[in-house]
1. Restricting attention to the range B:107-127, report how many residues are within 22 Å of residue B:30 (Cα to Cα) and over 10 Å from the mean Cα position of the chain (by Cα).
2. Restricting to the range A:33-57, name every residue that is under 13 Å from residue A:79 (Cα atoms) and not in a loop (DSSP other than H, G, I, E, B).
3. Determine which single condition residue A:48 fails, assuming it passes every other condition in (1) over 20 Å from residue B:3 (Cα atoms); (2) more than 11 Å from chain B (Cβ to nearest Cβ); (3) within 15 Å of the chain's Cα centre (by Cα).
4. When you scan the range A:95-116, how many residues do you find that are touching a residue at least 40 places away in the same chain (Cβ under 8 Å) and within 14 Å of another protein chain (Cβ to nearest Cβ)?
5. Looking only at the range B:172-201, filter to residues that are more than 14 Å from every other protein chain (Cβ to nearest Cβ) and free of Cβ contacts under 8 Å to residues at least 24 places away in the same chain; which one of those is nearest to residue B:141 (Cα to Cα)?
6. Tell me the strands (runs of 3 or more DSSP E) entirely within the range B:1-109 that contain at least 1 residues that are more than 9 Å from chain A (Cβ to nearest Cβ) and within 25 Å of residue B:138 (Cα to Cα).
7. When you check residue B:16 against the structure, is it within 20 Å of residue A:70 (Cα to Cα), surrounded by 14 or more Cβ atoms within 10 Å (Cβ to Cβ) and in contact with a helix residue (DSSP H, G or I) (Cβ under 8 Å, 6 or more places away or on another chain), yes or no?
8. Hey, could you check the range A:58-73 for residues that are more than 9 Å from chain B (Cβ to nearest Cβ) and part of a loop (DSSP other than H, G, I, E, B) and say which is modelled with the lowest pLDDT?
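The values are calculated or read from the model by the stated rules, or taken from the named source; none is laboratory data. Since we're looking at a predicted model, the values are computed, not measured. Here Cβ is always computed from backbone atoms with ideal geometry, including for glycine, and neighbour counts include all displayed protein chains.
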């Protein structure tokens with residue numbers, strides 16, 4: 001298998017060098033295996049489960065269907081780039097507060113997808129929330145708490161944090 | 001296996017001619033999955049995202065031209081009413097942001113986009129090393145595609161009076177259609193009914209179209225009996241039908257007829273509202 005020459009990817013605000021990746025590596029392969037960034041999960045490799053969801057220049061994508069060599073120079077945002085335990089994003093905080101995490105495997109992808117949804121529509125109704133998350137599968141929660149977290153963020157805020 | 005990030009149509013067709021085993025990559029939602037599952041082994045991947053000529057939606061003199069790199073998300077925003085409605089039925093938000101018109105057509109000849117474009121009587125614009133070509137959607141679907149062909153764009157008239165797209169599947173989202181139907185009522189009262197999911201390519205339904213046009217020409221709202229007749233004509237007019245363990249041929253034909261009838265009702269309704 002042939003390798004690309006080294007190239008740069010900007011991941012969560014940091015420019016990183018990808019060395020020795022296969023020419024046909026997916027962005028998911030590169031994030032997890034070349035760069036050791038394992039926050040993004042590998043569930044199906046078919047672009048259907050959503051566990052590898054990331055933002056590419058702000059656009060929601062499944063990293064497993066993105067050819068890494070074709071996104072050189074683009075900004076990749078993973079769940080780790082949305083916030084930290086000390087300073088979580090609104091979406092991350094809502095997942096914690098609403099008990100929307102069981103095994104946690106779908107959570108990174110769900111968090112990124114919900115972030116993308118709210119960026120596009122800050123006040124989504126129930127149907128819009130469900131449509132927005134229809135590419136993210138969860139085997140544990142039955143989606144109840146995840147939808148509750150989404151609804152809590154869609155409600156108008158009473159006070160600025 | 002190597003990757004070339006092409007920047008021009010000529011470059012692409014020359015690469016395809018020189019490398020018969022090459023694959024084109026736009027959004028990657030088909031090719032990357034096939035690669036991961038070992039279903040293909042190309043010697044060359046030619047990526048298209050930097051080919052500017054394939055990008056964008058333009059409108060001129062009553063025609064809409066949609067570049068092959070246009071994503072489903074962009075069609076929802078600016079593809080016109082039928083392509084927007086159709087695109088909302090495709091995949092997940094991530095897939096809609098990546099999947100393109102070119103990939104959708106080449107990868108889904110009975111798919112949502114092919115069906116809607118057939119109802120729009122669209123023209124397909126292609127390129128090979130022999131030059132540029134234009135052909136009607138039905139011809140593009142029915143004829144064997146030449147090796148080394150690049151779909152560059154589709155174009156269609158923008159003057160439809162009414163339109164609708166309906167799709168049925170095993171669940172609400174992220175599905176291939178068990179059956180689907182796109183209906184366009186054009187400005188002069190002509191009706192085009194396209195059927196998706198039920199055969200190896202999208203189909204037209206000429207008998208149902210003729211009956212529907214005659215009924216609508218009377219100027220009255222569609223009666224339930226007329227809608228049922230349309231459904232029956234569609235059902236009877238589908239020849240060979242795809243079948244599977246959870247969707248028999250008979251079931252697909254039945255659902256297709258029902259959807260065509262409903263889509264016609266919706267299209268006629270949207271035509272009356274617009275009038």
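1. 5
2. A:53, A:54, A:55, A:56
3. All conditions are met except number (2).
4. Count: 8.
5. B:190
6. B:23-25, B:57-60, B:63-67
7. The answer is no for residue B:16.
8. Selected residue: A:73.
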